[in-house]
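Working notes, beginning with the structure itself.
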Amino acid sequence: MGLQLFSVRDAMKLDPLDTLKKLKAIGYQDFETYGFDVDTETIYGFKIVEFKRILDDLGLSTTSGHYNFPDSFDASTEDLLFYVDKCIQTAKTLNSPYITWPFVKPENRNPEGFNHLADKLNAIGEHASKSGIGFAYHNHGYEFEDWNGTTGHEILIQLTDPKFVKLQMDMYWLIHSGKTPKDLVSQQPGRYVMWHIKDMDKVTRDYSELGNGSIDYTQILPDPETSGLEYLYIEQGGNFAKSSMQSAADSALYFKQNLQALL
């Protein structure tokens, strides 16, 4: 059972070691990281080797990381690949199979921006593959906005190479945009190697704990094998009923009782 650590970013900022211990006690074994600092080559205040030692000592793993690729959107190829090499080195040290592009800045959410993004994704994915590291793109909802008959999602599907650019499906944002996970998997079988699952508040449509919102994951999950699923992460970006850690615990309990057997 995996968790995107952004879900508990307040706790990770205060005491990352204690937070990881508590998450392990809840039942999480795997994590997706965020917040790699390229200047200091640290994550959560630790050198990468130190953080790997902490994970090993606790019997935990991290199989993907959200890296700050959006800041390299307009960078030269040389500067982009310099940053990518830092991410690859980090992933290898952490024994993470994937590095992931997490979002698109608002000013680039347009057809021209997504065409440019496709070139960046192909370059990163091909470069990472030479080092044995996978690369994926994480969706939100803006990829599905209609721009005179086309969408950012369609542009990326048409222009990126599936050998080098895998997809991380955020099911909350698909449902929020009126799409279904099963439909997208049927269009790109084998490419959705990672899933993010989080629930949607029944009134506000904000984030919510699994089982507390309007998304019935027992009905909408696509076939994992058809998807190409390798890793899954529970996530909740905010709107916690009590606290981020309590929400992580509540979602874990629902996952174990209702979803784990479906995977």
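Quick check on my filter: what residues within region 125-140 are in a loop (DSSP other than H, G, I, E, B) and more than 14 Å from the chain's Cα centre (by Cα)?
Correct list: K130, S131, G132, I133.
Working only within region 207-222, note down all residues that are charged (D, E, K, R) and surrounded by 14 or more Cβ atoms within 10 Å (Cβ to Cβ).
Result: E209, single match.
I'd like the full set of residues that are of a type in the set (A, V, I, L, M), outside any helix (DSSP H, G or I) and closer than 18 Å to P162 by Cα, limited to region 179-202.
V193, M194
Please determine, by comparing only the residues of region 76-90 that are at pLDDT 95 or above and under 15 Å from L117 (Cβ atoms), which one is surrounded by the most Cβ atoms within 10 Å (Cβ to Cβ).
Only one residue tops the list, namely V84.
Is one or more of the residues making up region 150-173 farther than 24 Å from T63 by Cα, of a type outside the set (D, E, K, R) and outside any helix (DSSP H, G or I)?
Checked against the condition, which is being farther than 24 Å from T63 by Cα, of a type outside the set (D, E, K, R) and outside any helix (DSSP H, G or I), region 150-173 yields at least one hit.
Would you please list the contacts, defined by Cβ atoms under 9 Å and residues six or more apart or on different chains, that run from a residue in region 94-106 that is over 15 Å from I124 (Cα atoms) and in contact (Cβ under 8 Å) with a residue 60 or more places away in the chain to a residue that is of a type in the set (A, V, I, L, M, F, W, C) and not in a loop (DSSP other than H, G, I, E, B)?
L94/I43; L94/I48; L94/F51; L94/L55
Which members of region 103-112 meet the condition of being surrounded by 14 or more Cβ atoms within 10 Å (Cβ to Cβ) and among the basic types (K, R)?
R109, the sole residue that qualifies.
Assuming V193 fulfils every condition listed in (1) free of Cβ contacts under 8 Å to residues at least 60 places away in the same chain; (2) surrounded by fewer than 22 Cβ atoms within 10 Å (Cβ to Cβ) apart from one, which condition is it?
Evaluating V193 over (1) free of Cβ contacts under 8 Å to residues at least 60 places away in the same chain; (2) surrounded by fewer than 22 Cβ atoms within 10 Å (Cβ to Cβ) leaves (1) as the failure.
Can you confirm whether T100 is polar (S, T, N, Q), assigned to a helix (DSSP H, G or I), surrounded by 23 or more Cβ atoms within 10 Å (Cβ to Cβ) and at pLDDT 95 or above?
Judged against the criteria, T100 is not a match.
In this structure, does D119 turn out to be farther than 19 Å from V193 by Cβ and without any contact (Cβ under 8 Å) to a residue 40 or more places away in the chain?
No; evaluated as a whole, the condition is false for this residue.
Please specify each residue of region 12-65 satisfying the condition of being among the hydroxyl-bearing types (S, T, Y) and surrounded by 15 or more Cβ atoms within 10 Å (Cβ to Cβ).
Once the filter is applied, which keeps residues that are among the hydroxyl-bearing types (S, T, Y) and surrounded by 15 or more Cβ atoms within 10 Å (Cβ to Cβ), region 12-65 yields T19, Y28, T33, Y34, T42, Y44, S61, T62, T63, S64.
Can you tell me which of (1) assigned to a loop (DSSP other than H, G, I, E, B); (2) among the polar types (S, T, N, Q); (3) surrounded by fewer than 20 Cβ atoms within 10 Å (Cβ to Cβ); (4) touching a residue at least 60 places away in the same chain (Cβ under 8 Å) is the one Q260 doesn't meet?
Of (1) assigned to a loop (DSSP other than H, G, I, E, B); (2) among the polar types (S, T, N, Q); (3) surrounded by fewer than 20 Cβ atoms within 10 Å (Cβ to Cβ); (4) touching a residue at least 60 places away in the same chain (Cβ under 8 Å), only one is false for Q260: (1).
Looking for something among the polar types (S, T, N, Q), over 25 Å from A248 (Cα atoms) and in contact (Cβ under 8 Å) with a residue 40 or more places away in the chain - is there at least one such residue anywhere in region 11-31?
No, region 11-31 contains no residue that is among the polar types (S, T, N, Q), over 25 Å from A248 (Cα atoms) and in contact (Cβ under 8 Å) with a residue 40 or more places away in the chain.
Please state which of the following conditions N115 fails to meet, knowing it meets all the rest: (1) buried (at least 16 other Cβ atoms within 10 Å of the Cβ); (2) touching a Leu at 6+ places or on another chain (Cβ under 9 Å); (3) of a type outside the set (D, E).
(1)
Any chance region 188-201 includes a residue that's among the polar types (S, T, N, Q), in contact with a helix residue (DSSP H, G or I) (Cβ under 8 Å, 6 or more places away or on another chain) and either over 23 Å from W101 (Cα atoms) or at pLDDT below 95 (or both)?
no
The values are calculated or read from the model by the stated rules, or taken from the named source; none is laboratory data. The model shown is predicted, which means the values in this text are computed figures rather than measured ones. All Cβ positions, glycine included, derive from the backbone under ideal geometry; neighbour counts span all protein chains shown.
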